[in-house]
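Okay, so here's the structure we're looking at.
The values are calculated or read from the model by the stated rules, or taken from the named source; none is laboratory data. Worth saying up front: this structure is predicted, and the values here are computed from it rather than measured. Don't worry about glycine lacking a Cβ; one is built from the backbone with ideal geometry, like all the others, and counts go over all protein chains shown. We work out accessible area using only protein heavy atoms, side chains counted, and drop any ligands, DNA or RNA first. Shrake-Rupley method; radii C 1.70, N 1.55, O 1.52, S 1.80 Å.
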Amino acid sequence: MPKAPPTTSAVAHEVYSPVARQFHWWTVALIAVQVPVGVLMAYRGNVLNIWDGLTNNLYSTHKLFGLVILAVVIARLAYRLRNGAPADEPTLEPWQKAVSHVTHWAIYGLLLVVPVLGWLGISYFPALSVFGVNLPGLVSPDEAAAAKVLFAHLIGAFLLVILIGMHVGAALFHYVIRKDGVLNRMLPALPRRDGK
């Protein structure tokens, strides 16, 4: 006998699975470290032209975290494609659902593309050492290509930060202003503001 469709109240309380939430917050933590490390390493190396042990360690940390982010996002995306996501919050307008989906998939795309561009750029340069261990190069050395690819990596990172800012802003808007259950889907322990 086919199952009846979920009621509105059931849909309203749908949340992401514990595994999906862990993937999300791991990604958040990694990006929260990766972005400032990237800014600081670029400032010391490219602006101040300081190439000491600290700068080298910052570059190694940035490369290592890039690889970890890539691995986590691939695993997260595989989990998402296999297990799906909760139904959309029923209080959302159709245009809000569309913007939410586009933003989510754009973030996924950039979380894959930005680390790959970084790896490609350091392969072209080449600067493949991570704390003394060499990563496999993806291409033959070509410094002119490295400059172009690393610039694309930088632009992608800026776009990613902007989209993440929009994502965080929208979540807070829904929790504080609209008082619906959007943020509770990823933070179910957070007190609900919609009275449900």
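Just a few scattered comments:
- Each residue of the range 143-153 is assigned a 3J(HN,Hα), and the resulting list reads 5, 5, 5, 4, 4, 5, 5, 5, 5, 4, 4 Hz, derived from the Karplus form 6.51 cos²θ - 1.76 cosθ + 1.60 (θ = phi - 60°), x at Gly and Pro.
- Cβ charges +1 (Lys, Arg) and -1 (Asp, Glu), total dipole of the chain, debye: 560
- Under the simplified labelling scheme, the Trp26-Leu112 pair shows an inter-label distance of 1.8 nm, with each label point 7 Å from Cα along Cα→Cβ.
- Residue-by-residue Karplus 3J(HN,Hα) for the range 29-42, coefficients 6.51, -1.76, 1.60, Hz, glycine and proline x: 4, 5, 5, 4, 8, 4, 5, x, 4, x, 5, 5, 5, 5
- Read-out Rg and Dmax of the Cα atoms in Å, derived from the coordinates shown; its label in [x] 20.1, 70; [y] 15.7, 47; [z] 16.5, 46: [x]
- From the C-alpha gyration tensor of the range 136-185, square roots of 5λ in Å: 40, 11, 4
- Once the chain from Leu48 to Leu190 is taken as fully extended at 0.36 nm per residue, the excess over their C-alpha distance is 46.8 nm.
- Under-5 Å amide H pairs with Val130, H placed in peptide plane, nonlocal only: Leu135
- In the range 80-196, Cα pairs under 8 Å separated by at least six residues give a relative contact order of 21 percent.
- If R0 equals 30 Å, the separation of the Cβ atoms of Leu81 and Ala145 corresponds to a calculated FRET efficiency of about 0.40.
- Length-normalised contact order for the range 95-147 - Cα pairs under 8 Å, 6+ apart - percent: 31
- Restricting the chymotrypsin sites (Phe, Trp or Tyr not before Pro) of the range 109-142 to loop positions (DSSP other than H, G, I, E, B) with no more than 14 neighbouring Cβ atoms within 10 Å leaves Phe131.
- Ligands, DNA and RNA aside, Arg21 has an accessible area near 50 Å² when probed at 1.4 Å.
- In this structure the chain gives 59 Å² per residue of accessible area when probed at 1.4 Å with all protein chains present.
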